[in-house]
1. Report the full-extension gain for the segment Asp411 to Tyr586: residue separation times 0.36 nm, less the Cα-Cα distance, to one decimal in nm.
2. If we restrict to alpha carbons, what Rg and Dmax does the stretch 290-332 come to, in Å?
3. What relative contact order, as a whole-number percentage, does the stretch 339-404 give when Cα pairs under 8 Å and 6 or more residues apart are counted?
4. Excluding Ser340 itself, calculate the net charge of residues whose Cβ lies under 15 Å from the Cβ of Ser340, where each Lys or Arg counts +1 and each Asp or Glu counts -1.
5. Where in the stretch 404-421 does the amide nitrogen come within less than 14 Å of the point 7 Å from the Cα of Lys387, taken along Cα to Cβ?
6. Determine the relative contact order of the chain: mean sequence separation of Cα pairs under 8 Å and six or more apart, normalised by residue count, in whole percent.
7. How far apart, in nanometres, would the label points at Thr300 and Ser595 be if each is projected 7 angstrom from Cα along the Cα-to-Cβ direction?
8. Under 12 Å Cα-Cα from Lys335, which aspartates and glutamates qualify once same-chain neighbours fewer than 8 residues away are excluded?
Amino acid sequence: MAMATYVAATINGTVALIGLGLAALTPHHAPADDPMTDSAARAPGSGSVYVTIALSGMCALGAEVIWTRLLSLMLGPTVYTFSIILAVFLVGLGIGSSVGSLLARVISRPRIALGSCQMLLTAAIAWTAWTITKSVPYWPVNPSLSRSPWFNFQIDLVRCIWAILPATCLWGASFPLALAAVASRNQDPGRWVGRVYAANTVGAIIGAIGSSLFLIAWVGTQQAHRLLIGLSAVAALFMFAPIALSFRANASPGNELGKPARRSAGAVTMLALVGFTVLLIWSVPKVPWGLIAYGRYLPTRDGEGRMLYVGEGMNASVAVTEMGTGVRNFHVSGKVEASSESYDMRLQRMLGHLPALLHPKPRSVLVVGCGAGVTAGSFVVHPGIEKIVICEIEPLIPQVVAQYFGKENYDVVKNPRVRIVYDDARHYILTTQEKFDIITSDPIHPWVKGAATLYTKEYFELIKRHLNPGGLVTQWVPLYESNLGVVKSEVATFFDVFPNGTVWSNDLEGDGYDIVLLGQADAMKIDLDELQRRFLQDDHVAQSLKDVGFRSVFSLLATYAGQGTDLRPWLNGVEINRDRNLRLQYLAGMGLNLSQGGLIYDDMLIYRKFPEELFVGSDQRVGMLRILIDPPKTGK
């Protein structure tokens, strides 16, 4: 919604400048004092022009929302992708407006030109729909081959130009042609420029809001494309129909033999246009499920796995696939967000079991982001927990996706202790009066536009205020598809709010993959004896951990990778991610195609040492854990 509103304002601002420029070049005529005189001075049929330019604006902004959704799947939904798409859109409008302004000065029948422009748009929209779904995603592009994002940006720019530039040029040309179509010598130019601009703006706002909030979620992008083609054809007919009727009515009375032929020619032409539109509508292809699942890596992973579900929601496009090994993957916005793979299951269980075991008596939990539901389901096996609130912005994920992971998440969405809130996490935490013993946050990657708001200092402070005394918070931080600067910024921001926080690793065969940050308002003590007792007391908790490779409580605690006080030298001089700049999403957008998890993890482990003040208990258990965390060095 925010993106659509921003684009609507930007594009219509550009069109406004063009319109004002044209108005400035037009000689000024004093407005008529008599309203009847002004009404009579209007060009006949101006109403149909206003309807046409309103439909044109509606289609332009509606298409921009739809194409941004699809192109961001293919290019990666970073701030840079949105900027490239917007830049191409505005350049196309500028080119079209310039050409349209030149044509408006020389053509004698601007309404025919405006109608022709709308008719060409039906083909241009169909071209973009086909290109985005059947052509451009399959270009042999592997973004991970380049270490520099600038090379990928060049390819992304070319792909956007190839896909959307023709239609944007035609929409740009529509505005000056509409101005020419309503122009009249006896009317104040400011009035008809304002009316055309107002009609175009109203249509654009309806198109942006309608596509963002309703159209894609209701019918999907394929049917939305078909609707846009139909609306563009209707806009063309609003121009052609009055002209055809006027032509028939003004036919020479003396040429009776020519009237039937002219009428037939007009009817045939209109039928041909309708038939052409129907053909274009029928030809619009479906979005391939591989694009929703694998996004920018579709060329290298096409045909991998079996599609179980694909859906286009109001906020995201999601898919569930199953591999030949039986592993199921949950995809959102062109990337795997969760899976039943062993390393993903381990991470998701850690996010839940770590705070649930370390908190002395947890009763209430807030889970930010449902995902496959595994993290939320980890709390189900803890009998003392009475309330689990899941905050998820995309309704399709808890309602549909989580059902495919019922075995792994213990059917969490059906559990009577669970309440699902469909809202933005920031908005919910800001407005709710509830406080929780545990808050766990498993957002999507920070390079996804908007996700950086769940990694800011203000967000962590908001979470801290909604913790009960002794409450714990866990935060997921990916090391893959990232770089050292991004991870440092995420960790430094978290420790700025939770200075006593700790780091727990989920490595992949000894190599860095992702980590869990654990925070508490005050310094924490982990009683190993009490933890062992609780672990052995409940078979369900123990089995849930054993299912992901944690055979004992010590194997879980052995994932300890450091704490805030030890990592201060590593984080020295690192900038904090704040709401006022969201620098993380710009920094992370440069590293989404990198694979540096191992290097980042090794760099962090240099500062790890056994925390004497953190783990307490019997000497035997403390000594056992010390060996697991910091094994003695052996010489040759």
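Each reported figure results from applying straightforward, stated rules to the coordinates on display, with no laboratory input. Owing to the predicted nature of the structure, the values given are computational and were not obtained by experimental measurement. A quick note on method: Cβ atoms are made from the backbone with ideal geometry, for glycine too, and the neighbour counts reach across all protein chains shown.
1. Values: separation 175, 0.36 × 175 = 63.00 nm, distance 3.72 nm.
The Asp411-Tyr586 span can extend by a further 59.3 nm.
2. Cα radius of gyration and Dmax of the stretch 290-332 are 10.1, 32 Å respectively.
3. Values: 73 pairs, mean separation 22.4, N = 66.
Relative contact order comes out at 34 percent.
4. On the way: positive: Arg306, Arg328, Arg346, Arg349, Lys407; negative: Glu322, Glu337, Glu341, Asp344, Glu408, Asp411, Asp547.
Net charge in that neighbourhood comes out at -2.
5. 417-421
6. Numbers: 1112 pairs, mean separation 85.4, N = 636.
Result for the chain is 13 percent.
7. With each label point 7 Å from Cα toward Cβ, the separation is 0.6 nm.
8. Cα-Cα hits under 12 Å: Glu481.
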